[in-house]
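Working notes for the structure below.
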Amino acid sequence: MITGLDHIAIAVPDLEKAVKRFLEDFGLNYEGTEDVAAAKTSTAFFPLPPTSIELVHPLNGEGPIAKYLEKKGGGLHHLCFRTDDIHADVARLKEKGYQFLADEPSPGAHDCLVIFIHPKSCDGVLIELSQPPAGH
């Protein structure tokens, strides 16, 4: 079941500059960066309980974030909903006709299981489902 808004992701062309903006200019708490090799992204998290802002940047200049930045420049990339049972939510949403960008959830930041819903299924908005590891 979806339990909350986990984070709002913003694609940024310059991760260091964006981190500095959110840290120094806006005064937000900073959790640090994490590379997610499977998604070819570098991420930086700024918690704003009960949610977070996630900055996403292409890892080694490759992957879907690089293509997004080439096409659209920086900006809002996706909304992420937290779930306590990602497999059940995926099955339920597939039954309703939602299309996903992958067949199964995969590893994401913070050791979460993640999967993305195709924007065509959500009025042009990319939606991520994320299940934190047990005990998180």
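Structure summary
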{"item": "In Å², nearest 10: area of residue 19 left accessible to a 1.4 Å probe", "result": "20"}
{"item": "Sequence-separation-based contact order of the chain, relative, with Cα cut under 8 Å and 6+ spacing, percent", "result": "27"}
{"item": "Given [x] 0.92; [y] 0.96; [z] 1.06, the label whose value is Rg/Rh (Cα atoms, Kirkwood Rh) derived from this model", "result": "[y]"}
{"item": "Virtual spin-label span in nm between residue 38 and residue 24, 7 Å along Cα→Cβ", "result": "3.5"}
{"item": "Exposure ranking of 53, 86 by accessible area [1.4 Å probe, largest first]", "result": "53, 86"}
{"item": "Net charge of Cβ neighbours under 11 Å - reference residue 128; Lys, Arg +1; Asp, Glu -1", "result": "-1"}
{"item": "In degrees, nearest ten, helix 86-95 long axis to first principal axis of the chain (Cα)", "result": "60"}
{"item": "Portion, in percent, of the accessible area of the chain that falls on carbon or sulfur, probe 1.4 Å", "result": "53"}
{"item": "Residue (of 46, 15, 134) at the positive-pole extreme of the chain, dipole from beta-carbon charges", "result": "15"}
{"item": "Förster radius 30 Å - calculated FRET efficiency between residue 103 and residue 134 (Cβ-Cβ, nearest 0.05)", "result": "0.85"}
{"item": "With DNA, RNA and ligands ignored, accessible area of residue 24 (1.4 Å probe; Å², nearest 10)", "result": "120"}
{"item": "Residue-averaged 222 nm ellipticity for the chain, from DSSP H runs of 4+ at -39500 (n - 2.57), nearest 500", "result": "-5500 deg cm²/dmol"}
{"item": "Centroid-to-centroid separation of region 1-56 and region 64-90 [C-alpha atoms, Å]", "result": "12"}
{"item": "Positive minus negative residues near residue 83 (Lys, Arg vs Asp, Glu; Cβ under 9 Å)", "result": "-3"}
{"item": "Area accessible to solvent at residue 57, 1.4 Å probe radius, in Å²", "result": "40"}
{"item": "Size of electric dipole in the chain: Cβ of Lys, Arg +1 and of Asp, Glu -1, about Cα centre, debye, nearest 20", "result": "460"}
{"item": "Heavy-atom surface of region 5-87, accessible at 1.4 Å and reported per residue (Å²)", "result": "56"}
{"item": "Too-long pairs where the Cα-Cα distance tops 18 Å, listed order kept, from 94/120; 17/67; 96/120", "result": "17/67"}
{"item": "Label-point separation, residue 72 to residue 1 (7 Å along Cα→Cβ), nm", "result": "3.1"}
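The values are calculated or read from the model by the stated rules, or taken from the named source; none is laboratory data. What you are looking at is a predicted structure, and each value in this text was computed from that prediction instead of being measured. Glycine also receives a Cβ, built like all others from the backbone with ideal geometry; neighbour counts cover every protein chain displayed. With ligands, DNA and RNA removed, areas are computed over all heavy atoms of the protein, side chains included. Shrake-Rupley method; radii C 1.70, N 1.55, O 1.52, S 1.80 Å.
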